[in-house]
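This report concerns only the one structure given below.
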Amino acid sequence: MTWLETSTENCTVQRTLDLIGEKWSLLVLRDAMNGVRRFDDFRRHVGLSEAVLADRLRKLVATGVLETVPYREAGHRTRHEYRLTGKGWELWPVMIALKQWGDRYTADAEGPPLEVLHRDCGAPVEAVVVCTGDHEPLTPRQACTRPGSAAHTL
């Protein structure tokens, strides 16, 4: 079975994009990965309307990428902040890969606006593709695709 003979009805890339592939969702995730937790802070920093932000946060919570945690400031009602779940943090390499590509192709002449560094040694962090064997990072030509156990034909 070749790629063109394989149905995309259960494609996991498509399903992932349905969950998090919208621009505002990715920007909310970017901010959550950088410590933003409160609705007003997301709204101010990402720069989107309350209605759109509420919708994106609701979807990310419903899919288990974010969770709500109650907090209460003195003299105010209980509110909720948004925190990444383990499932949400597993998207961190995806965000690093998007940032890495953006730094290479869309950054200002002065360089990228944000650096992600290894806390211990200070070296830049980068996303790489490796196999589960004991090998160096792979190039696209060193990998191949084949139908998986859930592949359906057209």
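The values are calculated or read from the model by the stated rules, or taken from the named source; none is laboratory data. Keep in mind that this is a model prediction, so the values were computed, not measured. Virtual Cβ from ideal backbone geometry, glycine too; neighbours counted across all protein chains shown.
Please go through the range 39-70 and pick out each residue that is in contact with a strand residue (DSSP E or B) (Cβ under 8 Å, 6 or more places away or on another chain) and hydrophobic (A, V, I, L, M, F, W, C).
Correct list: F39, F42, L57, L60, V61, V65, L66, V69.
Among the residues of the range 110-144, what is the count of those that are farther than 19 Å from A97 by Cα and of a type in the set (D, E, K, R)?
3
For the list (1) over 30 Å from E9 (Cβ atoms); (2) over 22 Å from the mean Cα position of the chain (by Cα), I need the number of the one condition that P137 fails.
(2)
Please count how many residues of the range 3-36 are assigned to a loop (DSSP other than H, G, I, E, B) and charged (D, E, K, R).
The total comes to 2.
Please enumerate the residues belonging to the range 32-54 that are surrounded by fewer than 16 Cβ atoms within 10 Å (Cβ to Cβ) and closer than 17 Å to G88 by Cα.
Selection gives N34, G35, R38.
Which one of the conditions (1) at pLDDT below 95; (2) surrounded by 11 or more Cβ atoms within 10 Å (Cβ to Cβ) does G102 fail to meet, given that it meets all the rest?
Going through (1) at pLDDT below 95; (2) surrounded by 11 or more Cβ atoms within 10 Å (Cβ to Cβ) one by one, G102 breaks only (1).
So which residues in the range 17-35 are under 14 Å from K87 (Cα atoms) and at pLDDT 95 or above?
Of the residues in the range 17-35, the ones under 14 Å from K87 (Cα atoms) are 19-20, 29, 32-33.
Passing the criteria: L29, A32, M33.
How many residues does the range 45-79 hold that are without any contact (Cβ under 8 Å) to a residue 40 or more places away in the chain and either touching a His at 6+ places or on another chain (Cβ under 6 Å) or over 25 Å from L17 (Cα atoms) (or both)?
The qualifying residues number 11.
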